[in-house]
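One structure, as structure tokens, below. Some questions next.
The values are calculated or read from the model by the stated rules, or taken from the named source; none is laboratory data. Since this is a predicted model, take the numbers as computed values, not measurements. Note that we place each Cβ from the backbone using ideal geometry, even for glycine, and neighbour counts take in every protein chain shown. Just the protein is used for accessible areas: all its heavy atoms, side chains included, with ligands, DNA and RNA removed. Shrake-Rupley method; radii C 1.70, N 1.55, O 1.52, S 1.80 Å.
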Amino acid sequence: MRHAQLALSVNGEAVETSVAPYKTLLEVLREDLGLTGTKHGCELGECGACAVLIDGEPQLSCLVLALECEAREIETVEGMARGAQLHPLQAAFADLGAAQCGYCTPGILLTAKALLAREPRPTPSRIKEAISGNLCRCTGYQQIVEAIEEGARRMDDERRR
Amino acid sequence: MNVVGKPRRRVDGRAKVTGQTRFADDFALPRMVHLKLLRSPHAHALIESLDVARAQAHPGVHLVLTGKDFPVTFGILPVTQDEYALAPEHVRYVGDPVAGVVARDEQTATEALDLIEVRYRPLEPIATPEEALAKPEPRIHAYGERGNIHRLQAFQFGDADAAIAASDHVFEDIFFYEGNTHLPIEQHACVAALDADGKLTLWSSTQVPHYVHRALARVLRMPASQIRVIATPNGGGFGGKTDICNHELVAAKAALVLGRPVKICLNREEVFYMHRGRHPVLMKFRTGVTKDGKLTGMHLQTLVDGGAYGSYGVASTFYTGALQTVTYELPRYQFEAARVFTNKPPCGPKRGHGTPQPRYGQEIQLDKIAERLDKDPAELRLAMLAKPNSLTANWLRIGSIGLEQCIKTVVERSDWKNRYRKLPQGRGLGLACGAYLCGAGLPIYWNKMPQSGVQLLLDRSGQVTLFCGATEIGQGSDDVLAAIVSEVLGIDPYEVRCVTGDTGMTPVDLGSYSSRVTLMAGNAAIQAAQKLKSMLAEAAAEDLEVAPERISFANGRVSFESHSLTFAEAVVLAEAKFGTLGAVGSYSPPRAPGKYKGAGVGPSPAYSYTACVVEAQVDPRTGWITIPKIWIAHDIGRTINPVLARGQVEGSVYMGLSEALMEEQVFRRLPPKLSRALVHKMPSLLEYKSITSLEMPEMDTVLIEDPDPNGPFGAKEVGQGPLLPVPPAVANAIYDAVGVRIDEIPITPDKVMRALEKKAKGEAPRVGPERFPDVPYPQPLIVPPAWEGGDGSEVKRHDAAAVV
């Protein structure tokens, strides 16, 4: 099958590439663009490990064809930090034990980021609802929920400063 | 202490939140090609012919491998080398690999799989342990006890039957614990490549690079020194990556043949079929109790569904009874176990390895005992706790026990005394306990070498590099090692660079299984760090003109009173004095007191203890179960990093609860025209139900510190033990809520409804196995406990009466 041209924005940078047209966004990110921070656990839309932001909305990149993303804004975990400085959510996840093996972490971070963009100070039950499509086998979720709350607090503090 | 016990970001925390942790499937090497495996669609069959010509001719295919390329068997245990990388003639479960195709990409390899023509002669599949006992033919394996019985074990530690018969009360209960699987979110993956010097390197998501290393040398018939296995950080293990995997061997062989990197990543369905997870176990407990609630004896029988291969099964079978003695005083104990082969994916070790199943039975039976004796279940347990520094009937040496404090903690925090048996109908509390190993006393391959080694290198910049074979599977083993070394040397843990899980670079550590890393690698790390510390002290003492023993190490400084050097300055002085600075440490567990045949499974340098209270809400109209809160207290000995320790406890609670309520690795038989193949009922993450953030209850987690003299700074394990009490505590809570006993796992609403219907009809309000089949257990090995004059050895049958 012939490759197709694709132009999109990834983590704020314009990217032009040619990809096999059957490839998912997940495959293009990982295999063509070398952005292996986005993970896969099933490639069937069941685990949430591959979640990325498309135009700010969390989407399962294993269920999206790359060609559907023409001209759209993609954000992956690689785009979260500002320079060498971790995003407040990333820092809270690292500090509070929300990442054990770290495999589900990128998908949950981006899902949480989208939540906080809509609701800057969500309750624990809203957080649990937002990440209910992201499976984590390590933590039992409690430290993840706490880290998202803490990330929200830190983002609030930053805004106030 | 400056580092140990302080909550901290883990040393690899930044990598994990930036997506920079490199998992096996993140590797892409120049000229890399891709492997896919063709798997058997039959549960049990002989291969009559296998034609790969069309696959080989398919454009883009580089290589097709079959069973002919792998004449040598493998297996994790020396006694069960019963697997082939690719089955040459006999397939034993749906999913057994028969061929491998290497092609330019996954898609091409997958296309070529369809072009391989295999003619099978189906054999009758053996679906259940009952069938395996009843049908010696067709035999799944040519070895084993007989027919389809893989292994039989029987031990008598004192005449338990006589003690039970003479008891005030006798309890006999049958329980069933369904199998379930690890479900790590990372699917198994590996990349094999030849180095520039022609040696083989395998990067793999494995918990046991040392055993993979051994198996590669055996199967590829190469010197082990030509092979390097690097365990990539695992995206979750839970025991699912502790076996040697077919795909690792096939990828390595393909890389050797092709001279280019070969990669494979299993898909989710393949991970379900590779399995090696929790064994389904049927159990019968016969227990004698005095009227004041002391155990007089226990006779435990287990029947273990092994699946199609040996895997860790012999050890798992021992573990279905080995640890029943370490929580409560049990003067006499008889344990009989059988593992059978069935035509399903092989079972192996999952978090708790063989012990959650009998723990489920034991802790529910204690709840029944407490009710019959009209005692509080917490008080009943507190009055029968095993003693610290004691020997058990089956010759395990117990060191510290923090279980009393664990029970008292969860009782107090859950307001047990005011709420147990007093909550409104539909709501209940249940209590249970558990215990687990801190590493196995004996290695899989018996030898006199250490089970764990650590090497430290000190650079004159002050940087410390730690080398250890321990494998980071998410549990935080790198962080534990960095914390321990930095505590000894008085530096910041982030100054320690960890190089781990690499057989080409690191001293052997047997791997991340049986909760061994903190205790064993931790002790090795202390030993190595102390050697360096004394060299640094000696050099600094010269400079500061004091005796070396007066030098202290803290906060990155090496000091005597107000005089101090930076750590790096001390290193420079020591390097000038002693030459290049490095040190090694190693750890071998203490010798176990048991000497009988079979005494090798169960001993550990220390045991961790846990108590748990679960609150359950049951809807009597639907049987629906919700769990609002769980209180858990775990005797960890000493906490190295509370953030990570809490995560291990809570992750264990989650996994135990998920097993208790919904997870099951179960199979259905296809119709005869499809050779009655046994296929997984739900090999996907959507249908294999596991708890999400929405069902997860609030957890109240307490770490109890009762330092064990064998642990590094007193530390014991925390990764597996806390799972054990959760399932029985759920069952006991459901009984308190609606008065029905669910004596099997998982506890689903339909079972609760069935039990409620029985209760309404006046029948026994119980759902669970009704009978235990006749298992041809052998005559037991007679091993008298110490208090009956035994010395840890078995006695000859005709001498047995004399000793007792």
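Quick check on my filter: what residues within the range B:16-25 are open to solvent by less than 40 Å² (accessible area, probe 1.4 Å), facing chain A (nearest Cβ under 9 Å) and in contact (Cβ under 8 Å) with a residue 60 or more places away in the chain? Steps first, please.
First, the residues of the range B:16-25 that are open to solvent by less than 40 Å² (accessible area, probe 1.4 Å): B:16-19, B:21, B:23-25.
Okay, now just the ones that are also facing chain A (nearest Cβ under 9 Å), so B:16-19, B:21, B:23, B:25.
Correct list: B:21, B:23, B:25.
Sticking with this structure for a sec: Being under 29 Å from residue B:195 (Cα atoms) and in a strand (DSSP E or B), is that true of even one residue in the range B:38-59?
Yes, the conditions are met somewhere in the range B:38-59.
Quick one: is residue B:398 closer than 11 Å to residue B:612 by Cα, touching a residue at least 40 places away in the same chain (Cβ under 8 Å) and open to solvent by less than 10 Å² (accessible area, probe 1.4 Å)?
Numbers: closer than 11 Å to residue B:612 by Cα: no; touching a residue at least 40 places away in the same chain (Cβ under 8 Å): yes; open to solvent by less than 10 Å² (accessible area, probe 1.4 Å): yes.
Spelling it out, it is not the case that residue B:398 is closer than 11 Å to residue B:612 by Cα, touching a residue at least 40 places away in the same chain (Cβ under 8 Å) and open to solvent by less than 10 Å² (accessible area, probe 1.4 Å).
Scan (1) part of a helix (DSSP H, G or I); (2) free of Cβ contacts under 8 Å to residues at least 40 places away in the same chain; (3) in contact with a helix residue (DSSP H, G or I) (Cβ under 6 Å, 6 or more places away or on another chain) for the single condition residue A:121 breaks and write down its number.
Condition not satisfied by residue A:121: (1).
Here is a check on your reading of the model: is residue B:278 under 23 Å from residue B:103 (Cα atoms) and basic (Lys, Arg)?
Values: under 23 Å from residue B:103 (Cα atoms): no; basic (Lys, Arg): yes.
For residue B:278, the condition - under 23 Å from residue B:103 (Cα atoms) and basic (Lys, Arg) - is not met.
Next up: Counting only residues that are outside any loop (DSSP other than H, G, I, E, B) and open to solvent by 30 Å² or more (accessible area, probe 1.4 Å), which one in the range B:483-496 is nearest to the other protein chains (Cβ to nearest Cβ)?
Applying the first criterion (outside any loop (DSSP other than H, G, I, E, B)) to the range B:483-496 yields B:483-489, B:493-496.
With open to solvent by 30 Å² or more (accessible area, probe 1.4 Å) added as a condition, the list becomes B:494-495.
Values: B:494: 12, B:495: 18 Å.
Ranking the candidates gives B:494 first.
Given the residues A:68, A:78, which is the only one that is within 7 Å of another protein chain (Cβ to nearest Cβ) and open to solvent by 40 Å² or more (accessible area, probe 1.4 Å)? Quick ask: steps written out before the conclusion?
Values: A:68 fails: within 7 Å of another protein chain (Cβ to nearest Cβ).
Among A:68, A:78, only A:78 is within 7 Å of another protein chain (Cβ to nearest Cβ) and open to solvent by 40 Å² or more (accessible area, probe 1.4 Å).
Could you identify the single residue in B:39, B:9, B:31 that is open to solvent by 30 Å² or more (accessible area, probe 1.4 Å), away from every other protein chain (no Cβ under 14 Å) and under 30 Å from residue A:106 (Cα atoms)?
On the way: B:39 fails: under 30 Å from residue A:106 (Cα atoms); B:9 fails: away from every other protein chain (no Cβ under 14 Å).
None of the other options fit; the residue is B:31.
Oh, and also: Please enumerate the residues belonging to the range B:739-754 that are closer than 25 Å to residue B:433 by Cα and either crowded, with 23+ Cβ neighbours inside 10 Å or among the charged types (D, E, K, R) (or both).
B:740, B:741, B:742, B:743, B:744, B:745, B:747, B:751, B:752
Let me ask something additional. So, in the range B:642-665, of the ones that are assigned to a loop (DSSP other than H, G, I, E, B) and open to solvent by less than 20 Å² (accessible area, probe 1.4 Å), which residue ends up farthest from residue B:699 (Cα to Cα)? Break it down stepwise before answering.
So in the range B:642-665, the residues assigned to a loop (DSSP other than H, G, I, E, B) come out as B:662-665.
The next check asks that each one be open to solvent by less than 20 Å² (accessible area, probe 1.4 Å); those that pass are B:663, B:665.
Working: B:663: 20, B:665: 26 Å.
Across the range B:642-665, the extreme among qualifying residues is B:665.
Collect the residues in the range B:314-329 that are part of a loop (DSSP other than H, G, I, E, B) and either open to solvent by less than 10 Å² (accessible area, probe 1.4 Å) or under 16 Å from residue B:608 (Cβ atoms) (or both), keeping them in residue-number order. Talk me through it step by step, then tell me what you get.
Initially, the range B:314-329 is screened for residues part of a loop (DSSP other than H, G, I, E, B), giving B:320-327, B:329.
Of everything in the range B:314-329, those that are part of a loop (DSSP other than H, G, I, E, B) and either open to solvent by less than 10 Å² (accessible area, probe 1.4 Å) or under 16 Å from residue B:608 (Cβ atoms) (or both) turn out to be B:320, B:321, B:322, B:323, B:324, B:325, B:326, B:327.
Kindly list the number of the only condition in (1) closer than 21 Å to residue A:101 by Cα; (2) part of a loop (DSSP other than H, G, I, E, B) that fails for residue A:26.
Tallying (1) closer than 21 Å to residue A:101 by Cα; (2) part of a loop (DSSP other than H, G, I, E, B), residue A:26 fails exactly one: (2).
With B:111, B:172, B:131 as the choices, which residue is open to solvent by 10 Å² or more (accessible area, probe 1.4 Å) and either assigned to a loop (DSSP other than H, G, I, E, B) or within 22 Å of residue B:669 (Cβ to Cβ) (or both)? Break it down into steps so the answer makes sense when it comes.
Working: B:111 fails: either assigned to a loop (DSSP other than H, G, I, E, B) or within 22 Å of residue B:669 (Cβ to Cβ) (or both); B:172 fails: either assigned to a loop (DSSP other than H, G, I, E, B) or within 22 Å of residue B:669 (Cβ to Cβ) (or both).
Unique residue meeting the criteria: B:131.
Is there any pair linking a residue in the range A:149-161 that is of a type in the set (A, V, I, L, M, F, W, C) and crowded, with 18+ Cβ neighbours inside 10 Å to one that is modelled with pLDDT of 95 or more and outside any helix (DSSP H, G or I), with Cβ under 9 Å and at least six apart or on different chains, and which?
Final answer for the pair search is A:152/A:119; A:152/A:120; A:152/A:121; A:152/A:122; A:155/A:87; A:155/A:120.
Sticking with this structure for a sec: Assuming residue B:523 fulfils every condition listed in (1) over 19 Å from the mean Cα position of the chain (by Cα); (2) under 25 Å from residue A:138 (Cα atoms); (3) not hydrophobic (A, V, I, L, M, F, W, C) apart from one, which condition is it?
(2)
Would you mind telling me which numbered condition in (1) modelled with pLDDT under 95; (2) out of contact with any Phe, Trp or Tyr (no Cβ under 6 Å at 6 or more places or on another chain) residue B:603 fails?
So residue B:603 meets the others, but not (1).
Looking at (1) of a type in the set (D, E, K, R); (2) in a helix (DSSP H, G or I); (3) free of Cβ contacts under 8 Å to residues at least 24 places away in the same chain; (4) assigned by TED's automatic domain parsing to the domain that holds residue A:14, which is the one condition that is false for residue A:126?
(4)
Could you list, in sequence order, all residues of the range A:49-83 that are out of contact with any Cys (no Cβ under 9 Å at 6 or more places or on another chain), among the β-branched types (Val, Ile, Thr) and part of a strand (DSSP E or B)?
Once the filter is applied, which keeps residues that are out of contact with any Cys (no Cβ under 9 Å at 6 or more places or on another chain), among the β-branched types (Val, Ile, Thr) and part of a strand (DSSP E or B), the range A:49-83 yields A:52, A:74.
Quickly run through the range A:1-27 and pick out the residues that are of a type in the set (A, V, I, L, M), out of contact with any His (no Cβ under 8 Å at 6 or more places or on another chain) and without any contact (Cβ under 8 Å) to a residue 40 or more places away in the chain. Show your work before the answer.
Of all residues in the range A:1-27, those of a type in the set (A, V, I, L, M) come to A:1, A:4, A:6-8, A:10, A:14-15, A:19-20, A:25-26.
Subsequent filtering for residues that are out of contact with any His (no Cβ under 8 Å at 6 or more places or on another chain) retains A:1, A:4, A:6-8, A:10, A:14-15, A:25.
Listed by number, the residues that qualify are A:1, A:14, A:15.
Just to be sure before I move on: is residue B:658 in contact (Cβ under 8 Å) with a residue 24 or more places away in the chain, more than 20 Å from residue B:406 (Cβ to Cβ) and within 14 Å of another protein chain (Cβ to nearest Cβ) in the structure I sent? Before you say what the answer is, go through the steps one by one.
Values: in contact (Cβ under 8 Å) with a residue 24 or more places away in the chain: yes; more than 20 Å from residue B:406 (Cβ to Cβ): yes; within 14 Å of another protein chain (Cβ to nearest Cβ): yes.
Spelling it out, residue B:658 is indeed in contact (Cβ under 8 Å) with a residue 24 or more places away in the chain, more than 20 Å from residue B:406 (Cβ to Cβ) and within 14 Å of another protein chain (Cβ to nearest Cβ).
State the number of residues belonging to the range B:451-482 that are away from chain A (no Cβ under 14 Å) and either over 26 Å from the mean Cα position of the chain (by Cα) or of a type outside the set (Phe, Trp, Tyr) (or both). Spell out the reasoning first.
Taking the range B:451-482 and keeping what is away from chain A (no Cβ under 14 Å), we get B:451-470, B:481-482.
So of that shortlist, the ones also either over 26 Å from the mean Cα position of the chain (by Cα) or of a type outside the set (Phe, Trp, Tyr) (or both) come out as B:451-466, B:468-470, B:481-482.
Number satisfying all stated conditions: 21.
Kindly check whether there is at least one residue in the range B:513-530 that is in contact (Cβ under 8 Å) with a residue 40 or more places away in the chain, touching a strand residue (DSSP E or B) at 6+ places or on another chain (Cβ under 7 Å) and in a loop (DSSP other than H, G, I, E, B).
yes
Here are the criteria: (1) more than 12 Å from chain B (Cβ to nearest Cβ); (2) closer than 23 Å to residue B:691 by Cα. Tell me which single one residue A:62 does not satisfy.
Of everything listed in (1) more than 12 Å from chain B (Cβ to nearest Cβ); (2) closer than 23 Å to residue B:691 by Cα, residue A:62 misses just condition (1).
Follow-up question, since we're still on this one. Any idea which residue in the range B:208-231 is surrounded by the most Cβ atoms within 10 Å (Cβ to Cβ), counting only those that are of a type in the set (A, V, I, L, M, F, W, C) and in a helix (DSSP H, G or I)? Spell out the reasoning first.
Taking the range B:208-231 first, the residues of a type in the set (A, V, I, L, M, F, W, C) are B:208, B:212, B:215-217, B:219-220, B:222, B:224, B:227, B:229-231.
From what is left, the residues that are in a helix (DSSP H, G or I) are B:212, B:215-217, B:219, B:224.
Details: B:212: 29, B:215: 27, B:216: 27, B:217: 17, B:219: 23, B:224: 14.
Going through the qualifying residues, I end up with B:212.
Within the group B:690, B:675, which residue is open to solvent by less than 30 Å² (accessible area, probe 1.4 Å), within 14 Å of another protein chain (Cβ to nearest Cβ) and more than 20 Å from residue B:766 (Cα to Cα)?
Within the list B:690, B:675, the selection yields B:690.
Restricting attention to the range B:71-85, does a residue exist that is crowded, with 21+ Cβ neighbours inside 10 Å, β-branched (Val, Ile, Thr) and in a loop (DSSP other than H, G, I, E, B)?
Yes, the range B:71-85 contains a residue that is crowded, with 21+ Cβ neighbours inside 10 Å, β-branched (Val, Ile, Thr) and in a loop (DSSP other than H, G, I, E, B).
Residues in the range A:32-48: is at least one open to solvent by less than 10 Å² (accessible area, probe 1.4 Å), part of a strand (DSSP E or B) and in contact (Cβ under 8 Å) with a residue 60 or more places away in the chain?
No, every residue in the range A:32-48 fails to be open to solvent by less than 10 Å² (accessible area, probe 1.4 Å), part of a strand (DSSP E or B) and in contact (Cβ under 8 Å) with a residue 60 or more places away in the chain.
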